[in-house]
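S.K.: Here it is, the structure, as structure tokens.
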Amino acid sequence: TAGAGSPLIYSTGIITVTKTTGTSTGAQAVVVEGKNTASVLEGSNLNCYGIGNRKDVDKCGVMLYQSMSGDADSGTSTFNCKASTISIDSKSSNFTSAPMFFITNTDAVINLEGCTFTYGSNIFLDTKGTSEWGSSGTNGGVVTLNLKNQNVVGNFVVDGSSGLTINLVSSTITGTINNEKTGAKVNITMDANSRITLTGNSYYTS
């Protein structure tokens, strides 16, 4: 795909791809709007330039949000990825600045298992409110991230209108979590086979 607002997957329903390869040179790899789902499964390889459709607000690899435009019911946005690769192309001008995941103005659940993520910003997940969607102070993202047999390298950014729950099963995280101590609520659970290696100051609620 090419052109602004043209990700490989834009879900206002339930979309599942398996063994799928593609490149988006003008947008994100995947966007889920509102109470809908996108699943990237079993050997898929999605590449993008991480270019947003609202200036630099929504540049990322995968975006979950609610635009309030009327084409997607409000609710929980869901993204599933298993045994696949998602990357922000190193040739993109956004390679060193775009987070892999961006969530705003919605509740979201992200389930990752055995995937590879390639990007250059070192921001794995950024959840926050913006001036583009929703009302200031209540338009962040409330995210549950479930990791299973998943290695994550990168930082987690959470603003004051957002919350983050991370559940690790046989998984690892290397990075910082809520480094600026701005997140409204940050909860972490992990089993005995998981490990978190902090590379800087991090703050959590429980």
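The values are calculated or read from the model by the stated rules, or taken from the named source; none is laboratory data. Small disclaimer: the values here were computed from a predicted structure and weren't measured. Quick reminder, even Gly has a Cβ in these numbers, built from the backbone with ideal geometry, and neighbours come from all protein chains shown. Side chains are part of the model used for accessible areas, which takes the heavy atoms of the whole protein and leaves out ligands, DNA and RNA. Shrake-Rupley method; radii C 1.70, N 1.55, O 1.52, S 1.80 Å.
S.K.: Could you give the spread of the C-alpha atoms of region 7-111 along their three principal axes, from largest to smallest, in whole angstroms?
M.R.: Result, largest extent first: 35, 32, 18 Å.
S.K.: Can you give the Kirkwood hydrodynamic radius of region 99-205 from its Cα pairs, in Å with one decimal?
M.R.: Roughly 13.7 Å, rounded to one decimal.
S.K.: Another one. Please give me the summed charge of the neighbours of ASN149: other residues whose Cβ is under 15 Å from its Cβ, Lys and Arg +1, Asp and Glu -1.
M.R.: Overall, the nearby charge balance is 0.
S.K.: For region 94-161, build the convex hull from the C-alpha positions and give me its volume per residue in Å³.
M.R.: Spelled out: Cα convex hull of region 94-161, divided by residues, is 79 Å³.
S.K.: Another question, then. State to the nearest 20 debye the size of the charge dipole of region 64-163 about its Cα centre, where the only charges are +1 on K and R beta carbons and -1 on D and E beta carbons.
M.R.: 300 debye
S.K.: How about region 20-63: which trypsin sites (Lys or Arg not before Pro) there are in a DSSP loop, with at most 11 other Cβ atoms within 10 Å of their Cβ?
M.R.: Those satisfying the criteria are LYS55.
S.K.: Right, next: Could you pull out the pairs from LYS55/LYS91; LYS91/LYS185; LYS55/LYS148; LYS35/LYS181; LYS35/LYS91 whose alpha carbons sit more than 24 Å apart here?
M.R.: Over 24 Å Cα-Cα: LYS91/LYS185; LYS55/LYS148; LYS35/LYS181; LYS35/LYS91.
S.K.: Before anything else, pin down the relative contact order of region 1-57: Cα pairs under 8 Å, at least 6 apart, normalised by residue count, whole percent.
M.R.: 40 percent
S.K.: Per residue, how much accessible surface does region 1-93 expose to a 1.4 Å probe? Answer in Å², no decimals.
M.R.: The answer is 42 Å² per residue.
S.K.: Could you give the C-alpha radius of gyration of the chain expressed as a fraction of 2.2 N^0.38 Å, taking N as the number of residues it contains?
M.R.: Working it through for the chain, the quotient is 0.93.
S.K.: Of all accessible surface on region 69-126 at a 1.4 Å probe, what whole percent is carbon and sulfur?
M.R.: Answer for region 69-126 is 43 percent, counting heavy atoms of protein chains only.
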